[in-house]
Amino acid sequence: MISIRELNKYFYRPATLHALKSVSLDVSRGETVVIIGPSGSGKSTLLRCINRLEYAESGSILVDGVNVLDPNCEINALRAEVGMVFQSFNLFPHLSVLENVTLAQTTVRKRPADEAKTRAMDLLASVGIAEKFAAYPDQLSGGQQQRVAIARALAMDPKAMLFDEPTSALDPEMVGEVLDAMKKLAKGGMTMVVVTHEMGFAREVADRVIFMDQGSIIEEGAPLDLFNHPRNDRTKLFLDQIL
């Protein structure tokens, strides 16, 4: 589903930073890949390059055969196929929950309003928040807002979902409800790439765990192998500090 080869990304201000260093990664259809690593290791930058929120200077990214780095790539069409959930919820504050989940369906997917509403209500029910369809974002808890954001991304029927530390802005008691929604997605066969510090989620749900540091993939493997028997000294040090 996602094929990345020799990807390099630089940031030039305030000083030149080589954020991704010849990163290569394949994600199979239906696979859940969890990326872990210290802050500044390139995890979020890698996700943002996949749907071209950041443009990589060299290498290649194919998403279901579409060349993301092709200057002629239709970005809006690409992003309709690759949903992304961020640390912040990015809901429209002036729209209700239902309107937040239907807007892109009617404007990008060109779905009839009735069909979009039915799809939205089904997805809100699937993430356990259907009763809040008429509420506005400021009337919701952080966990509820993040579940709305997940439903909004799913409403586009994406081929893959990217999650960029989706629980990092939440109070601890709200984390579980968002992770439960993501677990349900993974069990349903959604292709997922998840950047997270939730090691319990990685152990339980990931098909593969990737450890990144300083812009490179240092180690990868099945969760039990990587957490219990890391091969790289840098991976061992990181896990010793957080587990």
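If you average the sequence gap of Cα pairs under 8 Å that are 6 or more apart and divide by the length of the chain, what percent do you get for the contact order?
Working: 444 pairs, mean separation 64.7, N = 243.
It comes to 27 percent, rounded to a whole number.
Each semi-axis of the equivalent ellipsoid for segment 139-217 is √(5λ) with λ an eigenvalue of the Cα gyration tensor; in descending order they amount to 20, 16, 12 Å. Summary value for segment 4-95: 26 percent relative contact order, contacts being C-alpha pairs under 8 angstrom separated by 6+ residues.
Would you mind telling me the share, in percent, of accessible area of the chain contributed by carbon and sulfur at probe 1.4 angstrom?
Taking all protein chains in place, the chain shows 50 percent carbon and sulfur surface.
How big is the charge dipole of segment 26-71 about its Cα centre, in debye rounded to the nearest 20, if each Lys and Arg gets +1 on its Cβ and each Asp and Glu gets -1 on its Cβ? Don't jump to the answer; show the numbers that get you there.
On the way: 4 positive and 6 negative charges, 34 e Å.
With Lys and Arg at +1 and Asp and Glu at -1, about 160 debye.
When all protein chains stay in place and ligands, DNA and RNA are ignored, the 1.4 Å accessible-area order of F89, F238, largest first, is F89, F238. For segment 201-209, 3J(HN,Hα) computed residue by residue from phi via the Karplus equation (6.51, -1.76, 1.60; θ = phi - 60°) reads 4, 4, 4, 7, 10, 5, 7, 8, 10 Hz, glycine and proline entered as x.
Please give the calculated 222 nm ellipticity per residue for the chain, where each DSSP H segment of at least 4 residues contributes -39500 (n - 2.57) and the sum is spread over every residue; nearest 500 deg cm²/dmol?
Working: 9 runs with 92 residues, N = 243.
Counting only the DSSP helices, I get -11000 deg cm²/dmol.
For segment 1-45, taking Cα atoms only, Rg and Dmax work out to 12.4, 39 Å respectively.
Each other residue within a Cβ distance under 12 Å of V127 adds +1 if Lys or Arg and -1 if Asp or Glu, for a net charge of +1.
Put a dot 7 Å past the Cα of S39, heading toward its Cβ, do the same for S88, and the two dots end up 1.6 nm apart.
Note the direction-averaged projected area, equal to a quarter of the hull surface, for the Cα convex hull of segment 18-70, in nm².
Numbers: hull surface 16.0 nm².
Result: a mean projected hull area of 4.0 nm².
Computed with a 1.4 Å probe on the full set of protein chains, the accessible area for L224 sits at about 120 Å². Against the chain, whose longest principal axis comes from its Cα atoms, helix 142-154 is set at around 90 degrees. Maximal additional length on extending the H18-S168 stretch stands at 51.5 nm, based on 0.36 nm per residue less the C-alpha distance. Of the beta bridges in the chain, as assigned by DSSP with both residues counted there, near 55 percent are antiparallel.
Placing +1 at every Lys and Arg Cβ and -1 at every Asp and Glu Cβ, with all other atoms neutral, what dipole size does the chain have around its Cα centre, in debye to the nearest 20? Write out the running numbers ahead of the final one.
Details: 26 positive and 31 negative charges, 76 e Å.
My answer is approximately 360 debye.
Subtracting the Cα-Cα distance of I242 and A77 from 0.36 nm times their residue separation leaves 55.5 nm of extension gain.
Computed on segment 116-243, with alpha-carbon pairs under 8 angstrom and 6+ residues apart, the relative contact order is 17 percent.
Please tell me which of these pairs span more than 28 angstrom C-alpha to C-alpha: K159/K236; K183/K236; K43/K132; K9/K183; K9/K110; K9/K187?
Numbers: K159/K236 34 Å; K183/K236 26 Å; K43/K132 33 Å; K9/K183 31 Å; K9/K110 34 Å; K9/K187 33 Å.
Pairs exceeding 28 Å: K159/K236; K43/K132; K9/K183; K9/K110; K9/K187.
Accessible area per residue, 1.4 Å probe, Å², for the chain: what's the number?
Details: 11160 Å² over 243 residues.
Spelled out: the 1.4 Å probe surface of the chain, per residue, equals 46 Å².
Could you please tell me the mean projected area of the C-alpha convex hull for segment 82-163, averaged over all directions and given in square nanometres to one decimal? Before the final figure, lay out the partial values.
Numbers: hull surface 19.3 nm².
Mean shadow area of the hull around the Cα atoms is 4.8 nm².
Cross-link reach is defined here as a Cα-Cα straight distance under 17 Å, omitting same-chain residues fewer than 8 places apart; for K21 the aspartates and glutamates meeting it are E6, E54, E57, D213, E219, E220.
Within 10 Å of each candidate Cβ there may be at most 11 other Cβ atoms; applying that plus a DSSP loop requirement, which trypsin sites (Lys or Arg not before Pro) in segment 138-243 survive?
Values: sites: R147, R152, K159, K183, K184, K187, R203, R208, R231, R234, K236; in loops: K159, R231.
Those satisfying the criteria are R231.
When the convex hull of the C-alpha atoms of segment 196-243 is computed, what volume per residue in Å³ does it have?
Values: hull volume 3.5 nm³, N = 48.
That works out to 73 Å³ per residue.
Rg and Dmax, both from the Cα atoms of the chain and both in Å, are 18.0, 55. Legend: residues S41, S3, sorted from most to least accessible area (1.4 Å probe; ligands, DNA and RNA excluded), read S3, S41.
The values are calculated or read from the model by the stated rules, or taken from the named source; none is laboratory data. This is a predicted model, so every value here is computed, not measured. When we count neighbours, we look across all protein chains shown, and the Cβ atoms used for this are built from the backbone with ideal geometry, even at glycine. Side chains are part of the model used for accessible areas, which takes the heavy atoms of the whole protein and leaves out ligands, DNA and RNA. Shrake-Rupley method; radii C 1.70, N 1.55, O 1.52, S 1.80 Å.
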